[in-house]
Amino acid sequence: NAGVTQTPKFQVLKTGQSMTLQCAQDMNHNSMYWYRQDPGMGLRLIYYSASEGTTDKGEVPNGYNVSRLNKREFSLRLESAAPSQTSVYFCASSELTEAFFGQGTRLTVV
Amino acid sequence: GQQLNQSPQSMFIQEGEDVSMNCTSSSIFNTWLWYKQDPGEGPVLLIALYKAGELTSNGRLTAQFGITRKDSFLNISASIPSDVGIYFCAGQLKLAPRSGSARQLTFGSGTQLTVLP
(Lines give C-alpha, C1' and ligand atoms only; values in the text may rest on other atoms or scores of the structure.)
Protein backbone atom coordinates (compact mmCIF):
# COMPACT_ATOMS: atom_id res chain seq x y z
CA ASN A 1 0.00 0.00 0.00
CA ALA A 2 2.49 2.66 -1.13
CA GLY A 3 -0.15 5.23 -2.20
CA VAL A 4 1.67 8.36 -3.39
CA THR A 5 5.45 8.26 -3.32
CA GLN A 6 7.63 11.35 -3.71
CA THR A 7 11.38 11.59 -4.15
CA PRO A 8 13.57 13.06 -2.85
CA LYS A 9 12.39 13.87 0.68
CA PHE A 10 14.92 16.66 1.16
CA GLN A 11 16.94 18.76 -1.28
CA VAL A 12 19.17 21.82 -1.09
CA LEU A 13 19.82 23.72 -4.31
CA LYS A 14 21.89 26.73 -5.20
CA THR A 15 20.15 29.59 -6.96
CA GLY A 16 20.02 28.87 -10.69
CA GLN A 17 20.33 25.10 -10.40
CA SER A 18 17.69 22.84 -11.86
CA MET A 19 16.06 19.72 -10.51
CA THR A 20 13.09 17.44 -10.97
CA LEU A 21 10.80 16.24 -8.21
CA GLN A 22 9.38 12.80 -8.87
CA CYS A 23 5.96 11.50 -7.93
CA ALA A 24 4.31 8.14 -8.51
CA GLN A 25 0.94 6.74 -7.42
CA ASP A 26 -0.24 3.15 -7.45
CA MET A 27 -3.97 3.74 -7.03
CA ASN A 28 -4.80 3.98 -10.75
CA HIS A 29 -6.04 7.55 -10.29
CA ASN A 30 -6.59 9.72 -13.33
CA SER A 31 -5.83 13.07 -11.71
CA MET A 32 -2.54 14.18 -10.19
CA TYR A 33 -1.47 17.46 -8.63
CA TRP A 34 1.52 19.39 -7.37
CA TYR A 35 1.09 21.74 -4.40
CA ARG A 36 3.50 23.87 -2.44
CA GLN A 37 3.12 24.59 1.26
CA ASP A 38 4.51 27.72 2.85
CA PRO A 39 4.19 28.75 6.51
CA GLY A 40 0.83 30.31 7.30
CA MET A 41 -0.46 29.92 3.74
CA GLY A 42 -1.89 26.43 3.48
CA LEU A 43 -1.28 24.51 0.26
CA ARG A 44 -1.38 26.18 -3.14
CA LEU A 45 -1.84 24.39 -6.44
CA ILE A 46 1.08 24.68 -8.86
CA TYR A 47 0.02 22.39 -11.73
CA TYR A 48 -2.37 19.54 -12.22
CA SER A 49 -2.97 16.76 -14.68
CA ALA A 50 -6.57 15.70 -15.15
CA SER A 51 -5.56 12.60 -17.07
CA GLU A 52 -2.61 11.03 -18.81
CA GLY A 53 -1.43 13.32 -21.58
CA THR A 54 -2.87 16.57 -20.17
CA THR A 55 -1.41 19.18 -17.85
CA ASP A 56 -2.73 22.58 -16.78
CA LYS A 57 -1.62 25.51 -14.66
CA GLY A 58 -2.86 25.98 -11.14
CA GLU A 59 -2.70 29.01 -8.90
CA VAL A 60 1.11 29.49 -8.76
CA PRO A 61 2.71 27.95 -11.89
CA ASN A 62 5.48 30.49 -12.57
CA GLY A 63 8.97 29.00 -12.44
CA TYR A 64 7.78 25.40 -12.78
CA ASN A 65 7.12 22.86 -15.48
CA VAL A 66 5.49 19.45 -15.25
CA SER A 67 5.38 16.21 -17.17
CA ARG A 68 2.74 13.51 -16.91
CA LEU A 69 4.99 10.66 -17.97
CA ASN A 70 2.27 8.00 -17.79
CA LYS A 71 -0.78 7.36 -15.65
CA ARG A 72 1.36 6.62 -12.59
CA GLU A 73 3.97 9.36 -12.72
CA PHE A 74 3.82 13.16 -12.59
CA SER A 75 7.06 15.11 -12.25
CA LEU A 76 7.70 18.75 -11.33
CA ARG A 77 10.73 20.54 -12.72
CA LEU A 78 12.45 23.70 -11.56
CA GLU A 79 14.59 24.93 -14.46
CA SER A 80 16.37 27.72 -12.56
CA ALA A 81 15.72 27.58 -8.85
CA ALA A 82 15.14 30.79 -6.90
CA PRO A 83 15.07 31.37 -3.12
CA SER A 84 11.34 32.12 -3.42
CA GLN A 85 10.87 28.47 -4.36
CA THR A 86 12.05 27.32 -0.94
CA SER A 87 9.02 25.38 0.25
CA VAL A 88 7.58 21.97 0.98
CA TYR A 89 6.18 20.36 -2.15
CA PHE A 90 3.37 17.83 -2.11
CA CYS A 91 2.19 15.59 -4.86
CA ALA A 92 -1.37 14.27 -4.72
CA SER A 93 -3.63 12.05 -6.75
CA SER A 94 -7.38 11.70 -6.81
CA GLU A 95 -10.35 10.07 -8.42
CA LEU A 96 -13.16 12.58 -7.81
CA THR A 97 -13.32 13.83 -4.24
CA GLU A 98 -10.61 12.45 -2.01
CA ALA A 99 -7.06 13.57 -2.75
CA PHE A 100 -4.25 11.39 -1.39
CA PHE A 101 -1.00 13.16 -0.62
CA GLY A 102 2.61 12.05 -0.62
CA GLN A 103 4.92 12.74 2.31
CA GLY A 104 6.37 15.86 0.76
CA THR A 105 9.72 17.15 -0.49
CA ARG A 106 11.38 19.82 1.59
CA LEU A 107 13.30 22.05 -0.83
CA THR A 108 15.70 24.79 0.21
CA VAL A 109 17.19 27.16 -2.35
CA VAL A 110 20.21 29.10 -1.14
CA GLY B 1 -8.05 33.80 -6.50
CA GLN B 2 -10.36 32.30 -3.94
CA GLN B 3 -9.41 32.64 -0.31
CA LEU B 4 -10.39 30.72 2.75
CA ASN B 5 -10.19 32.31 6.17
CA GLN B 6 -9.49 29.66 8.77
CA SER B 7 -9.55 30.36 12.49
CA PRO B 8 -8.09 30.13 14.97
CA GLN B 9 -4.50 29.98 13.73
CA SER B 10 -3.43 28.02 16.80
CA MET B 11 -4.99 26.47 19.87
CA PHE B 12 -3.59 25.15 23.14
CA ILE B 13 -6.06 22.95 24.99
CA GLN B 14 -6.08 20.49 27.86
CA GLU B 15 -6.53 16.81 27.14
CA GLY B 16 -10.22 15.96 27.34
CA GLU B 17 -11.45 19.37 26.19
CA ASP B 18 -13.53 19.93 23.07
CA VAL B 19 -12.16 21.93 20.14
CA SER B 20 -13.86 23.94 17.44
CA MET B 21 -12.39 25.54 14.33
CA ASN B 22 -13.98 27.07 11.26
CA CYS B 23 -13.46 28.33 7.75
CA THR B 24 -15.23 31.04 5.80
CA SER B 25 -14.97 31.93 2.15
CA SER B 26 -16.06 34.70 -0.18
CA SER B 27 -16.83 32.03 -2.78
CA ILE B 28 -19.22 29.11 -2.94
CA PHE B 29 -17.79 25.59 -2.94
CA ASN B 30 -19.35 22.32 -4.05
CA THR B 31 -17.57 20.30 -1.41
CA TRP B 32 -15.87 21.06 1.90
CA LEU B 33 -13.08 18.87 3.20
CA TRP B 34 -11.15 18.73 6.44
CA TYR B 35 -7.58 17.40 6.50
CA LYS B 36 -5.09 16.74 9.26
CA GLN B 37 -1.33 17.00 8.80
CA ASP B 38 1.14 15.38 11.17
CA PRO B 39 4.75 16.67 11.28
CA GLY B 40 6.74 15.52 8.27
CA GLU B 41 3.71 14.00 6.58
CA GLY B 42 1.23 14.96 3.91
CA PRO B 43 -2.36 15.92 4.74
CA VAL B 44 -4.79 13.10 5.40
CA LEU B 45 -8.52 13.44 4.78
CA LEU B 46 -10.69 13.41 7.92
CA ILE B 47 -14.16 14.32 6.70
CA ALA B 48 -15.78 15.25 3.38
CA LEU B 49 -19.01 17.24 3.13
CA TYR B 50 -21.03 17.26 -0.09
CA LYS B 51 -24.29 19.13 0.55
CA ALA B 52 -25.18 22.47 2.09
CA GLY B 53 -26.37 21.96 5.64
CA GLU B 54 -24.81 18.50 5.89
CA LEU B 55 -23.58 17.45 9.32
CA THR B 56 -21.17 14.51 9.33
CA SER B 57 -19.36 12.67 12.12
CA ASN B 58 -16.30 10.47 12.11
CA GLY B 59 -15.66 9.17 15.62
CA ARG B 60 -14.92 12.17 17.83
CA LEU B 61 -14.93 14.52 14.84
CA THR B 62 -18.00 16.38 13.62
CA ALA B 63 -18.08 18.76 10.68
CA GLN B 64 -20.80 20.81 9.02
CA PHE B 65 -21.18 22.26 5.52
CA GLY B 66 -22.66 25.74 5.95
CA ILE B 67 -26.07 26.44 4.47
CA THR B 68 -24.67 29.27 2.33
CA ARG B 69 -21.93 26.93 0.99
CA LYS B 70 -19.38 29.53 2.05
CA ASP B 71 -18.37 28.14 5.43
CA SER B 72 -17.68 25.01 7.42
CA PHE B 73 -16.71 24.06 10.94
CA LEU B 74 -14.93 21.12 12.55
CA ASN B 75 -15.42 20.02 16.14
CA ILE B 76 -13.22 17.55 18.00
CA SER B 77 -14.66 16.19 21.21
CA ALA B 78 -12.71 14.88 24.21
CA SER B 79 -9.29 15.67 22.74
CA ILE B 80 -6.40 13.24 23.18
CA PRO B 81 -2.63 13.71 22.68
CA SER B 82 -2.65 12.17 19.20
CA ASP B 83 -4.99 14.95 18.01
CA VAL B 84 -1.93 17.22 17.88
CA GLY B 85 -1.24 18.49 14.39
CA ILE B 86 -2.30 21.03 11.80
CA TYR B 87 -5.90 20.94 10.63
CA PHE B 88 -6.78 22.34 7.23
CA CYS B 89 -10.12 23.09 5.69
CA ALA B 90 -10.37 22.91 1.93
CA GLY B 91 -13.05 23.96 -0.50
CA GLN B 92 -13.35 21.96 -3.68
CA LEU B 93 -14.48 22.93 -7.16
CA LYS B 94 -14.43 21.06 -10.43
CA LEU B 95 -11.56 22.27 -12.58
CA ALA B 96 -12.49 23.47 -16.08
CA PRO B 97 -12.61 23.22 -18.99
CA ARG B 98 -11.02 19.86 -19.85
CA SER B 99 -10.68 18.79 -16.28
CA GLY B 100 -12.26 15.35 -16.37
CA SER B 101 -12.27 14.07 -12.82
CA ALA B 102 -9.76 16.66 -11.58
CA ARG B 103 -10.80 18.83 -8.68
CA GLN B 104 -9.15 21.98 -7.35
CA LEU B 105 -8.71 22.25 -3.61
CA THR B 106 -8.40 25.70 -2.06
CA PHE B 107 -6.86 25.35 1.38
CA GLY B 108 -7.22 27.43 4.49
CA SER B 109 -4.04 28.49 6.26
CA GLY B 110 -4.42 25.82 8.93
CA THR B 111 -5.07 25.55 12.67
CA GLN B 112 -2.15 24.31 14.75
CA LEU B 113 -3.57 22.24 17.61
CA THR B 114 -1.56 21.48 20.73
CA VAL B 115 -3.03 19.17 23.38
CA LEU B 116 -1.56 19.57 26.85
CA PRO B 117 -1.57 16.56 29.20
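Find the accessible area per residue for chain B; the probe is 1.4 Å, ligands and nucleic acids are left out, and the unit is Å².
On the way: 5430 Å² over 117 residues.
Per residue, chain B has an accessible area of 46 Å².
Kindly report the accessible area of region A:1-58 per residue (heavy atoms of protein chains, probe 1.4 Å, no ligands, DNA or RNA), in Å². Mind showing how you got there, number by number?
Details: 2730 Å² over 58 residues.
Counting only protein heavy atoms, the per-residue value for region A:1-58 is 47 Å².
Using Cα pairs under 8 angstrom and six or more residues apart, how large is the relative contact order of chain B, in percent?
Working: 298 pairs, mean separation 41.3, N = 117.
The normalised contact order for chain B reaches 35 percent.
Relative contact order, percent, of chain A when contacts are C-alpha pairs under 8 Å separated by at least 6 residues? List each step's numbers first, then the result.
Numbers: 283 pairs, mean separation 39.6, N = 110.
It rounds to 36 percent for chain A.
A:Thr86 to A:Asn28: FRET efficiency via 1/(1 + (r/R0)^6), r the Cβ-Cβ distance, R0 30 Å, to the nearest 0.05? Write down the numbers at each step before the final one.
Working: r = 33 Å, r/R0 = 1.11.
E between A:Thr86 and A:Asn28, to the nearest 0.05, is 0.35.
Please compute the Kirkwood hydrodynamic radius of chain A from all pairs of different C-alpha atoms, in Å with one decimal.
Details: mean 1/r = 0.0729 Å⁻¹.
Value: 13.7 Å, from the Cα pair sum.
Select from region A:69-110 all residues whose loss of accessible area on going from the chain by itself to the full protein assembly reaches 50 Å² or more (probe 1.4 Å).
Those residues are A:Leu96, A:Thr97, A:Phe101, A:Gln103.
Need one number: buried accessible surface between chains A and B, 1.4 Å probe, both sides summed, DNA, RNA and ligands left out, in Å² to 100.
Working: alone 5940 and 6410 Å², together 10390 Å².
Protein heavy atoms only, the A-B interface buries about 2000 Å².
The values are calculated or read from the model by the stated rules, or taken from the named source; none is laboratory data. These numbers come from a predicted model, not from an experiment. Cβ: placed from backbone, ideal geometry, glycine included. Neighbour counts: every protein chain shown. Only protein heavy atoms, including side chains, enter the accessible area calculation; ligands, DNA and RNA are left aside. Shrake-Rupley method; radii C 1.70, N 1.55, O 1.52, S 1.80 Å.
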